[in-house]
Structures are given as C-alpha cells and as structure tokens.
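Read the structure below first, then the notes.
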C-alpha cells in the first residue's frame, strides 16, 4: 500500500453533511435514545459500576481524539506521508472538557473535588455538547471520519451529562456548583493563555496555522457573530467578559433546571441512599 493510498483512507471524503441532513438527524435520534437508556440503566447502579463505565467511555473518547489529531495533521508531500500538527484543532475548546474530566470522576474518591468534576460534566460539558449537537455549525467536515468523531464526541457529552446528573443528583448543592465553576474557570484560563502563547510560537516559527480556543483569541475572529460584533464595537476584553457572563448565566439556568427536575429523586435517595 502506497503512502497516497494510506492518506486517502485516513481522509476518506464524502459530500459535506448538512444541517438536519440524514447524518445529523440520525445522531440527534441516537443522542436522545441513548441519553434515556443510559440514564435508566445507571440511575441506581453501584458507584463502582458507574466508574468502570466512565473509564470505558473515556477510552473511546481518547482514541477518537487521537484519530482526530492525526487526521487533521497528516500531510503528503511528493508522495511521502508525514505529520504537521495543527494547533487550530488543539483539544482545549469547551467541548473538550470531558476528555480531561472523565478520569477524575472515575478515579477520585467521593468528596467535594469529585463532586466538582461531576458538576463540570453535568453543566458545562453537557451544555457545550447539547448546543453543538443541535446546531453543528462548522462541525461538519468532508472527511467522513472527522464528522462521525465530532458527532459521537458531542453526543457522549450529552449522554454522560444526563446520566451523571440523575445518578448523582443527591450531591447537588452550592459547593457542587461553585466547585464546577472554579474548575471551568481554570480550564478557561488555560485556553486563553494558550491562545496567546501558541499564537506567538506560530508567528515566530512562520507556521501556516492558527489557534482560537473558545473562539476568543485576540488575534482571530470569533466564530460567534454576536461576540465579534461586541469586540468590534468595544474591545477584546469586553467580548471575553460578555462570553463569561453569558456562559455563567446559562450554567446557572442548567443547574437550576437539573436541581428542580431531580427533586423527587433526591428526596427518595435521602431515605434510601445508594452510595
């Protein structure tokens, strides 16, 4: 098999999928059905069983992410296959949270720190996955594998968010929410630093690349038109603060909804704890 044939297999292409096209509709149905089934299966499962399931899912997420990074980085020059890493696809977006959070939820002992990572998954990761699953935007790619990886990845965010919110609803309290908020802000700060430091590296090395984590880089246009409008009318700082305020408001709304919807279950678990 030649290098060109390997390249063509890795980057096997199809017609660009469309919003609410067959692939998108199929994944929406899959996400809905899987969220219900997984939540029902694990809502009363032993903590150890949930942890094993989470690590199994993480292995899948990790393997798919490796595939994603290789596929975006693979190049062929004069018939020779090579890799040129693309920082534009660095996994530091909102939707990459689960890649780092799942192992902590699966491996940490029960306590406030684990609760904070559960909140991070149930609120921030869940919202990111839900938003992209409903409206993929530029998620679709002509490379079939990349489109499937992205859709499955975001579906898993929703599925795990629903399952964890139901299974561990009795752990919801102010420490749970604020712990998740602090973790998200740390992750956010890392992404913002990466936007600046890696941009400088790209410029210094003359690479044909870019980085725009959270779509909030001071050197790139924001993917979200409303944020780009705010930046042009004010400043990059105001745009970032607006993003943070909006995302925090949505996080509070999601937490309140999850808290309200699981109220009866929390009362039952108070009488018959499963942990």
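No value in this document is a laboratory result; all are computed from the given coordinates. The structure displayed is predicted, hence computed values, not measured ones. All Cβ positions, glycine included, derive from the backbone under ideal geometry; neighbour counts span all protein chains shown.
Segment residue 32..residue 135, full-extension length gain: 35.6 nm, with 0.36 nm per residue of separation and the alpha-carbon distance subtracted. Residues in the range 5-27 near a label at residue 67, defined as backbone nitrogen under 16 Å from the 7 Å Cα→Cβ point? Counting only backbone N, you get 7-14, 27. Given springs between every Cα pair under 10 Å in a Gaussian network model of the chain, which of 54, 146, 40 has the largest fluctuation? Judging by the Gaussian network model, the answer is 40. For the range 29-83, what class follows from the C-alpha gyration tensor (a ≥ b ≥ c being the square roots of its eigenvalues): rounded when a/c is under 1.5, otherwise prolate if a/b is larger than b/c, else oblate? Oblate.
Footprinting exposure proxy ranking of 167, 112, 265, fewest other C-beta atoms within 10 angstrom first, gives 112, 265, 167. Spatially, the range 201-254 and the range 56-115 are offset by 22 Å when compared through their Cα centroids.
To the nearest 0.05, how large is the calculated FRET efficiency for residue 220 and residue 185 if R₀ is 22 Å and r is the Cβ-Cβ distance? Present the calculation step by step, with values, prior to reporting the outcome.
Values: r = 22 Å, r/R0 = 0.98.
Efficiency, from the Cβ-Cβ distance: 0.55.
Taking 0.36 nm per residue of separation and subtracting the current Cα-Cα distance, fully stretching the chain between residue 3 and residue 259 would add 86.8 nm. Shape class of the range 180-256 from the Cα gyration tensor (axes a ≥ b ≥ c, square roots of the eigenvalues): oblate, since a/c reaches 1.5 or more and a/b does not exceed b/c. Here the Gaussian network model covers the chain, with springs between Cα atoms less than 10 Å apart; of 47, 141, 208, 208 fluctuates the most. Overall shape: prolate for the range 77-219, with the ratio a/c of the largest to smallest alpha carbon gyration tensor axis at 1.5 or above and a/b above b/c. Placing pseudo-labels 7 Å out from each Cα toward the beta carbon at residue 200 and residue 80 gives an inter-label distance of 3.3 nm.
Note on the chain: GNM, Cα springs under 10 Å; of 235, 217, 116, the largest mean-square fluctuation is that of 235.
Among 168, 67, 135, a tally of other beta-carbon atoms within 10 Å of each Cβ gives an order, fewest to most, of 135, 67, 168.
Which ordering of 121, 239 is given by a fewest-first count of other beta-carbon atoms within 10 Å?
Values: 121 27, 239 23.
Sorted ascending by nearby Cβ count, the order is 239, 121.
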